[in-house]
Each structure stands twice: as structure tokens, then as C-alpha cells.
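Below: the structure, in C-alpha cells.
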Amino acid sequence: MYIPIVEKFSKSEIINDYVEACHVINQNNVPEVGDRPLDEFKLLVENSDYNCCIVENKTVVGFVICFQDNKTSTSFLTEQNHKNFIEIQKQMNNFLYIDRIAVHENHREQNIEKFAIVNNIGLLTAEINLLPKKNDISFNFHAKNGFREFSTKKYSDDYEVSFQKKNLI
């Protein structure tokens, strides 16, 4: 899937040519996004329902990885013991979960709603870290783009998240 954003940008699925560059961006944004070894990051990409990276002049400047509330994703994420997806699924259905999004600060714009709407998905969901450190950048980004907190979950003394949703339908 190739969709031009503007002349100097392109949006592409995360293919082998881009996966390592996306992984570097992921690791550069820890702890705002979860730390993942390259092999686990590749598994997320390969099993995601929607993923894309933003490329500027042949350089990856950001990416997003999403999972839909369906049997395939549920099976994979349950096997991976993905606490946040499982927790959201307990509270709602028909959603697209934004597992991770990391974009160079000069290129932060959201553009995944089209996939959800085309696939008749009613909600976008995400989690934002509260602990070990509150991710204020993500809170501001999500609020600006219409996301609202629907619950929080504290998994341990050093790991708590805010669950966010945006109604599309």
C-alpha cells in the first residue's frame, strides 16, 4: 500500500527495507514507547493489522503499528501476553488498537483513521504511559486529536497506563 502524503513524503507499509529504521526510531523513543528487541519488533510488524512508516527523502521519520479487535490479533497478542490489548478488549469491542507510534518530533501528524473507517471500525484505542514516567507529549498529541481517557490500569508499582479512545462512528 502506497499513499502519498505530500510531495516529499510517502507512506508505506513497514517492509523489510524499513523495519530496522523503524526499530531504531522505536528504541530512540523509549520509555515513551515500549522497549523491544529487533526480533520482537519484527513480529509485531508481521502480525499487525495495519502498519505504516513515513518516509522523507528515503529516510524513515516515523511509524505506527496497529491491531484490530479480531480473532487473529487476539490470538497473537494473547500469546505475547500483551496486557494493554487484553485489558482494552475486556472493556470494549470493534476497535483498532494503536500499539505503538513513534515519529520524529518535526513530523508528528496522525493519519490512520482512514484505515479504521474503511474497515468499519468504530473506535481507535491507545495507551499512554503514566509510570514509570508520564508521557506528556503523547497526552497532548492524543488530546489534540480527539482521544479521551476511558480508564487506567496499574500493573505494578512502576508500570501504569492511561487507556484512551476516539469514537469514529
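The values are calculated or read from the model by the stated rules, or taken from the named source; none is laboratory data. Here the structure is a predicted model, which means the values were calculated and not measured. A quick note on method: Cβ atoms are made from the backbone with ideal geometry, for glycine too, and the neighbour counts reach across all protein chains shown.
A few points about this structure:
- Screening 151, 138, 162 for residues that are closer than 17 Å to residue 84 by Cα and at pLDDT below 90 leaves exactly one candidate, 138.
To keep it simple, each residue is scored yes or no on (1) surrounded by 13 or more Cβ atoms within 10 Å (Cβ to Cβ); (2) polar (S, T, N, Q).
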| site | (1), (2) |
| --- | --- |
| 58 | no, no |
| 80 | yes, yes |
| 93 | no, yes |
| 116 | yes, no |
| 128 | yes, no |
